[in-house]
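The values are calculated or read from the model by the stated rules, or taken from the named source; none is laboratory data. Since the model is a prediction, treat every value here as computed from it, not as a measurement. Reconstructed Cβ throughout: ideal geometry from the backbone, glycine too, with neighbour counts over all protein chains shown. For accessibility, only protein heavy atoms count, side chains too; no ligands or nucleic acids. Shrake-Rupley method; radii C 1.70, N 1.55, O 1.52, S 1.80 Å.
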Amino acid sequence: MSDEATSSARRRGLFVSSLISFALALLAKEMAAAVLFWIASDAFMKSADRPLAKRIATALRRAMPWLAVLALYAVTRFALLGVPPPAAPAEHTLARALWSAPSTIVRYLAWMAWPRERSAYVQNPYVTSLADPRLGVALVALILIGALLLRWARRSNQPRAVAGAGAMLALTFLPILNFARIAGPPDMGAVMAERFAYMPSFFFLLLVVLACDALVQRFPVRRARAALVAVFLLCVSTILSAQTIARNRDWQDDIRFFEQEARRTPGAPLLWTNLAQAQMRAGNPVAANESIRHAEALMPQATWVLAVRAQWLTLAGRYAEALPIQERVVHAEKKNSLALNNLAFLQRSTGHVDLALPVLRDLVERLPTYPDPWLNLAEIDRAAGDREAAVTSYTRYLDLRPRDLRAVEVLAGLLSAAGRAADAEALYLGAMRGDSFDASLWNNLGAARLASGDSAGALAAIERALGIDPAQPLARFNRAKLLALSGRVEESRAIYSELVREAPDSTAGASAARELAGMEGPP
């Protein structure tokens, strides 16, 4: 193969690789669409000796293959997969997006120049009129920045690099300026986020490098240049590393993260509800209630605020109070599967099983891989005494969510009660493939084996449970029962007596008391 043919094949390979990489980039971050502007801008500047119309045509022709990939991505997302575009709040208009763009760009540039404002939730209120001073100040700032870049490009020994980086920086902002509004809560306004600045920061840093290179070239001594670069890099690295370390402390857990974000942006109700959910997961309902009150003071009718209040009432067992609030949530979001499932739970918990069943049956028909409705159906069937239907629903649920150990225990109990001890044992063994260090599971496996008459296997499982947690009450009770069956009555009696002394009102303690009462002789 000739050198020319090799070079041509290499170019074709790079071209195809570029298109594939662009498609993958779109799947990762849709702001990768900015690459189209880079390619078109590069082609436009490289054809500077041609008439303007031909330069524009060349730029469009050069970007066409990547534009085709973007079109294919859009068809796949919106038409084939049916993923809807983000809904825009009523206050969003194209005019407001245009008026807000200058101040948004200036704010992004300020972040890149000095990343002091570290927040995952940025409120950037719309510029609502041409008289807004933010618009005037931002336009003046951008005109000054543009004039400085033009002057620098004319005087620079790398004019094309400076002009190209400046132009591409400006073009790269286009996908993140909310002309098609980025998804976000209404109180965010013209949505901004640090991560949206990834693409623009590439050309911002390129300009910084070019500026530093121009500055360093003013020093005639090579050693002085090296020292200047080293000092600059050391200072920047030290400052940014300190900020990174400080920011990492905010991420140690969900509660600390949302506490810090709510402190930085106290007017954001979504942060308070997220903090409340983290506090509920941590078992702190008092703090969660206070966080929800902050959110309610800001936006009491917001759907997500109502949903979290209903969740808090549900965890507190106040189902009757939670039900009307959850009904309001479902009325606002009629197709939200989580909201519908939660409504069905509250309906069945307040005795309205007749209302819950149609909701749940519709959910499992429309969304057969959504596990929670199956659990709700299983609980309804179990409460109604329909063991066969409950087993079927629990099985479907655990097929979708095999790590729910409580459901494993309930289903195994139903199987054992139906005389299917082998199936119960298989269920426990399957659950323990991913968690062999759960003492409760080993104890339940032992109980299932005991019910099937496998005393040796039952004792082995219970010993395994006690090896994990020697204080596990039910495992100790089952061990005592097995010891009694094997004739080691005194050892069994001693364990029963310990359980009664430690917690006479617990399940294990009460069962031990009954066993002691049935034994001959004094305890």
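For the reader, a short list of remarks on this structure follows.
- Condition check for Asn157: buried (at least 17 other Cβ atoms within 10 Å of the Cβ), within 27 Å of Trp38 (Cα to Cα) and not basic (Lys, Arg): no
- Which numbered condition Arg514 fails, given (1) modelled with pLDDT under 85; (2) among the basic types (Lys, Arg); (3) farther than 28 Å from Asp386 by Cα: (1)
- Against the numbered list (1) under 22 Å from Leu482 (Cα atoms); (2) in a loop (DSSP other than H, G, I, E, B); (3) not acidic (Asp, Glu), Ala424 comes up short only at (2).
- Top-ranked residue of segment 411-430 - restricted to ones that are within 32 Å of the chain's Cα centre (by Cα) and crowded, with 18+ Cβ neighbours inside 10 Å, ranked as nearest to Ala475 (Cα to Cα): Tyr428
- Meets criteria (more than 30 Å from Pro84 (Cβ to Cβ), in a helix (DSSP H, G or I) and at pLDDT 95 or above) for Ala310: no
- Scan of segment 228-278 for residues that are in contact (Cβ under 8 Å) with a residue 60 or more places away in the chain and more than 21 Å from Arg116 (Cβ to Cβ), ordered by number: Pro269, Leu270
- Just one of the numbered conditions (1) under 20 Å from Leu340 (Cα atoms); (2) open to solvent by less than 40 Å² (accessible area, probe 1.4 Å) is not true of Gln301: (2).
- Residue check, Pro175 open to solvent by 40 Å² or more (accessible area, probe 1.4 Å), in contact (Cβ under 8 Å) with a residue 60 or more places away in the chain, in contact with a His (Cβ under 9 Å, 6 or more places away or on another chain) and on the phi < 0 side of the Ramachandran plot: no
- Cβ-Cβ distances below 7 Å connect the following pairs, each with a first residue in segment 369-380 that is surrounded by fewer than 24 Cβ atoms within 10 Å (Cβ to Cβ), a second residue that is among the basic types (Lys, Arg) and outside any helix (DSSP H, G or I), and a separation of six or more residues or different chains: Pro371/Arg401.
- Top-ranked residue in segment 385-405 [being outside any helix (DSSP H, G or I) and open to solvent by 80 Å² or more (accessible area, probe 1.4 Å); ranked as modelled with the highest pLDDT]: Arg401
- Only listed residue being crowded, with 17+ Cβ neighbours inside 10 Å, touching a residue at least 24 places away in the same chain (Cβ under 8 Å), among the aliphatic types (A, V, I, L, M) and out of contact with any His (no Cβ under 8 Å at 6 or more places or on another chain), chosen from Ala332, Ala310: Ala310
- Residue within segment 86-100 that is under 22 Å from Pro185 (Cβ atoms), free of Cβ contacts under 8 Å to residues at least 12 places away in the same chain, among the charged types (D, E, K, R) and open to solvent by 30 Å² or more (accessible area, probe 1.4 Å) present: no
- The one condition in (1) open to solvent by less than 60 Å² (accessible area, probe 1.4 Å); (2) among the acidic types (Asp, Glu); (3) in contact with a Phe, Trp or Tyr (Cβ under 8 Å, 6 or more places away or on another chain) that Asp42 fails to fulfil: (3)
- Cβ-Cβ contacts under 6 Å between residues 6 or more apart (or on different chains), taken from a first residue in segment 28-40 that is more than 12 Å from Leu174 (Cβ to Cβ) to a second residue that is open to solvent by 70 Å² or more (accessible area, probe 1.4 Å) and assigned to a helix (DSSP H, G or I), are listed as Ile39/Arg62.
- Considering the conditions (1) open to solvent by less than 60 Å² (accessible area, probe 1.4 Å); (2) free of Cβ contacts under 8 Å to residues at least 12 places away in the same chain; (3) of a type outside the set (Lys, Arg), Asp354 is excluded by exactly one of them, (1).
- If you go through segment 472-490 and keep only what is of a type outside the set (A, V, I, L, M, F, W, C), more than 42 Å from the chain's Cα centre (by Cα) and more than 13 Å from Ala512 (Cβ to Cβ), you end up with Ser486, Gly487, Arg488, Glu490.
- Residue within segment 412-428 that is aromatic (Phe, Trp, Tyr), in contact (Cβ under 8 Å) with a residue 24 or more places away in the chain and on the phi < 0 side of the Ramachandran plot present: no
- Checklist (1) at pLDDT below 85; (2) within 22 Å of Tyr198 (Cβ to Cβ); (3) not β-branched (Val, Ile, Thr) applied to Pro102, failing item: (1)
- The test for being touching an Asp or Glu at 6+ places or on another chain (Cβ under 8 Å), under 30 Å from Glu261 (Cβ atoms) and open to solvent by 50 Å² or more (accessible area, probe 1.4 Å) holds for Arg118.
- Matching residues, segment 218-249, being open to solvent by 90 Å² or more (accessible area, probe 1.4 Å) and closer than 29 Å to Leu149 by Cβ: Arg218, Pro220, Arg222, Phe232, Leu233, Leu234
- Unmet requirement for Pro266, which otherwise passes all of (1) open to solvent by 20 Å² or more (accessible area, probe 1.4 Å); (2) not in a loop (DSSP other than H, G, I, E, B): (2)
- Cβ separations smaller than 9 Å between residues 6+ apart or across chains give no pair from segment 103-128 residues that are on the phi > 0 side of the Ramachandran plot to residues that are surrounded by fewer than 20 Cβ atoms within 10 Å (Cβ to Cβ) and of a type in the set (A, V, I, L, M, F, W, C).
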